[in-house]
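The values are calculated or read from the model by the stated rules, or taken from the named source; none is laboratory data. These figures come from a predicted structure and were not determined experimentally. Cβ placement follows ideal geometry from the backbone for every residue including glycine, while neighbour counts extend to all protein chains displayed.
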Amino acid sequence: MPTATFGDRAGATYPGTQDTYIEQGYFQHTNNYGTGASMPLGYYNDVCRGLLAFDLATFHDDHPLADIAEVRLKIYVNALTGANAYARLYECLRAWGATNAGGNWEVNEGGGNPVHEYDPTWDSIEHLHSAWATPGASGAGDRGTDVLGEVLVNGRSQEFTITLNEDGLAAVIAQKETPGSRLGFVVVSSNEGSGNQILVLSSENVTASVRPQLEIDYDMAPGPSSSQPVVSIMC
C-alpha cells in the first residue's frame, strides 16, 4: 500500500506546512508566532494551542479516486514540563491566515511580531479583519468537538505518532474531496494548567527530520479493465 507524506521533512511527497501557535495572556493574545521554531502546547507564559495545516490539493489532483486507509501525524517533542499529557487533534473549521500572500504557506502562518495584518493570533483568525468565534479557536464554529486522534506524551527528545481515529479519517477524506481545501488541526494539550507544557518542534526548525509530518496510506482505485470481449461469429 503506497504512503504519501506531507510536510517539510526531506523527501516529502508533498512539501509544505502551515503551522504556528496562539497564546492567551495580557500581552500575548495579539502576538503571532509564525516564524518560531517550536509550537508549545499547554502552558508557556499562558495557555498555548497549536495551529497546523497541510495542503491536500495536489494529492487530490494526483489521486482523485484514492481510498484512504490510515492517517498519521508525527510530531517531535523537544521538552515536557510538568505532568504527562495528551496531545490532541481537533479539526480546524476555518481557513486561518488564508488571505495572506495569495496562498504562500510561509506567509500564511504569520510573520511573527510585531503582528501583521491577517496574521492568526489568540483573538483573531485574521488580525484586524476576523475574530475567532471564541478566543483561542475555542468556539463551535472554530473547531470541531470530536478528538480526531491523540497520543500520550510521556517523554522528551523523541518523536510521537498520532494515529487518527474514524472521525479523523472522515475529516481527512472530506477535505481531500474538496479540491483546494487544507487539512487543518487545532492542536491542544489535555493539561493547560500552569507549569505544564509540551514543546513540539515546528516546520521552521533548522533540523528537517524533526518537523511535523502527515502520512496517508491509501489504495489506488482500480482502473478500467484492458481485456476485450471475444465475439464469435457462427456461419
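Residues of the stretch 18-55 being in a loop (DSSP other than H, G, I, E, B), surrounded by 24 or more Cβ atoms within 10 Å (Cβ to Cβ) and within 16 Å of the chain's Cα centre (by Cα), which ones? Steps first, please.
Going residue by residue through the stretch 18-55, those that are in a loop (DSSP other than H, G, I, E, B) are 24-27, 31-37, 44-46.
Those still in the list that are surrounded by 24 or more Cβ atoms within 10 Å (Cβ to Cβ) too: 32-34.
Residues satisfying the conditions are Y33, G34.
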* Asked: Restricting the first residue to the stretch 72-92 and requiring it to be farther than 19 Å from S157 by Cα, which pairs with a second residue that is basic (K, R) and in a strand (DSSP E or B) meet a Cβ separation below 6 Å and a spacing of at least six or different chains?
  -> Y90/R143; C92/R143
* Scan the stretch 124-132 and give yes if some residue there is modelled with pLDDT under 95, closer than 26 Å to A208 by Cβ and of a type outside the set (A, V, I, L, M, F, W, C), otherwise no. => no
* Asked: In the stretch 61-109, what count of residues is obtained for those that are at pLDDT below 75 and either over 16 Å from the mean Cα position of the chain (by Cα) or surrounded by fewer than 21 Cβ atoms within 10 Å (Cβ to Cβ) (or both)?
  -> 10
* Asked: Has the stretch 60-71 got any residue that is closer than 27 Å to E126 by Cβ, aliphatic (A, V, I, L, M), touching a helix residue (DSSP H, G or I) at 6+ places or on another chain (Cβ under 9 Å) and assigned to a strand (DSSP E or B)?
  -> no
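Results for (1) buried (at least 23 other Cβ atoms within 10 Å of the Cβ); (2) at positive phi; (3) assigned to a loop (DSSP other than H, G, I, E, B), shown as yes or no for each residue.
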site: P120; (1), (2), (3): yes, no, yes
site: G136; (1), (2), (3): no, yes, yes
site: R156; (1), (2), (3): no, no, yes
site: D167; (1), (2), (3): no, no, no
site: Q175; (1), (2), (3): no, no, no
site: T178; (1), (2), (3): no, no, yes
site: N191; (1), (2), (3): no, no, yes
